[in-house]
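Inspection log for the structure reproduced underneath, given as structure tokens.
Coordinate-derived values only; no laboratory data. Just so it is clear, the model here is predicted, and its values are computed rather than measured. Heads up, the Cβs are rebuilt from the backbone with ideal geometry, glycines too, and the neighbour counts pull from every protein chain shown.
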Amino acid sequence: MAEETKLKIVVFGAFGAGKSTLITTLDPAAKHIEANCAGGTTTVALDFGRIQDNGCTIHVYGTPGQERFEFAREIIAKGMDGAILLVDVTTPMDEFTSHLSASLHAANVPFVVFLNKCDGAGADPDAFAGKFGTSIVQKISAKDQKQSRDALMQFVGTLTPRPNGHNHG
């Protein structure tokens, strides 16, 4: 029997980018820890979802979107095989999203950029062209299960999976 492969994918993005929505769309049984805040709720620890595909288990972790939770993002990112930078294209590029992109490039971790809310009011995905260096950029709707899963699986296909247990700590 072939050894099962496990991948750890971490989703980064600013507050309101749609990280929790994306993970819940990918795994309706996803878990998250949130708190009430101005404008609704926000993730305060992490989101967690699991996707099974062809003998591969993909663990997807969502990180808090506020700058003050840098320590939590660092903890969650340990041992990641790849990352998704989720960007809300209904608002202009902000300094925090630029910081996340630069941090991922500096960490030399494979990552993809998902432009979210392309169908939203005021969406301007073209304004983000060239903002993420050589990273692959895909337009998605975090609410669209097929689109989100296809984009995730396309990204996962570019990664080199490691056997179970060798990449998490």
Charges on Cβ only, +1 for Lys and Arg, -1 for Asp and Glu, centred on the Cα centroid of the chain; of 79, 123, 112, which one is farthest towards the dipole's positive end? 79
Give me log10 I(q)/I(0) at q = 0.23 Å⁻¹ for region 74-169, Debye formula, one equal scatterer per alpha-carbon, no solvent. -1.29
Which of 109, 11, 60 fluctuates most in a GNM of the chain (C-alpha springs under 10 Å)? That residue is 109
Which residue, 63, 24, 158, tops the fluctuation ranking in a GNM of the chain built on C-alpha contacts under 10 Å? 158
The exposure ranking of 139, 117, 8, fewest beta-carbon neighbours within 10 Å first, is 139, 8, 117
Reachable lysines from residue 117, Cα under 20 Å, same-chain residues fewer than 8 places away excluded? 19, 131, 139, 143, 146
Under a Cβ-only charge scheme (Lys and Arg +1, Asp and Glu -1), can you give me the dipole magnitude of the chain about the Cα centre, in debye to the nearest 20? 280 debye
Helix-only estimate, please: 222 nm mean residue ellipticity of the chain, summing -39500 (n - 2.57) across DSSP H runs of length 4 or more and dividing by its residues, to the nearest 500. -7000 deg cm²/dmol
I'd like the per residue volume of the convex hull spanned by the Cα atoms of the chain, given in cubic angstrom. 115 Å³
Highest-MSF residue in the chain out of 124, 94, 144 [GNM, Cα springs under 10 Å]: 94
